[in-house]
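The values are calculated or read from the model by the stated rules, or taken from the named source; none is laboratory data. Not measured: the values here are computed from a predicted model. Please note: Cβ atoms are built from the backbone with ideal geometry, for glycine as well, and neighbour counts cover all protein chains shown. Ligands, DNA and RNA are excluded from the accessible area calculation, which covers all protein heavy atoms including side chains. Shrake-Rupley method; radii C 1.70, N 1.55, O 1.52, S 1.80 Å.
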Amino acid sequence: MIQLTAQMLRERLKLEILSEGDPDRTVTGGYAGDLLSWVMSGAQSGDMWVTIMTNINVIAVATLVDVACVIIADGAQIDNSVIERAKMERVNLYRTQKSVYQVCNEQLFL
């Protein structure tokens, strides 16, 4: 299996860059969810996290779990202060117009 980086993921899914802290970060799996306590207990370090949540706590959970990137689905609007926090914490934060289902249905790990 090929090693997928955050940058490769971004390019394959044609994601909009909101913050790119470490584009060479290896993506080892994925997690989809919007309930932050579930993400904290279910997501793994290295996962791509797909969500529609856009508040500042997303960045806190992303750093706590050490996900490879966060993908904001459905074109959800995100406050500039959240983007700035992602930049400060070096979180790969991307956005897409695709739904959570569409993102998760992509064949990425071939």
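For the stretch 32-110, GluC sites (Glu not before Pro) are listed when DSSP marks them as loop and at most 10 other Cβ atoms sit within 10 Å of their Cβ; the list is empty.
Note on the chain: with charges restricted to the Cβ of Lys and Arg (+1) and Asp and Glu (-1), its dipole about the Cα centre is near 120 debye. The label-point distance for Gln77 and Glu106, in a model that sets each label 7 Å from Cα toward Cβ, rounds to 2.5 nm. In µm²/s, what is D for the chain at 25 °C and 0.890 mPa s, where D = kT/(6 pi eta Rh) by Stokes-Einstein and Rh is the Kirkwood radius from Cα pairs? It comes out at roughly 184 µm²/s.
For the stretch 29-110, trypsin sites (Lys or Arg not before Pro) meeting the loop criterion (DSSP other than H, G, I, E, B) and having at most 10 other Cβ atoms within 10 Å: none. Here the sum of -39500 (n - 2.57) over DSSP H runs of 4 or more residues, divided by the residues of the chain, equals -9500 deg cm²/dmol at 222 nm, to the nearest 500. In this structure Tyr31 has an accessible area near 50 Å², from a 1.4 Å probe over the protein heavy atoms. Per residue, the accessible area of the chain comes to 53 Å², computed with a 1.4 Å probe over protein heavy atoms only. For the chain, the carbon plus sulfur part of the accessible surface works out to 50%, probe radius 1.4 Å.
Which of rounded, prolate, oblate describes the stretch 66-110, given a ≥ b ≥ c as roots of the alpha-carbon gyration tensor eigenvalues and a/c under 1.5 marking rounded, otherwise prolate only if a/b is larger than b/c? In terms of gyration-tensor shape, oblate.
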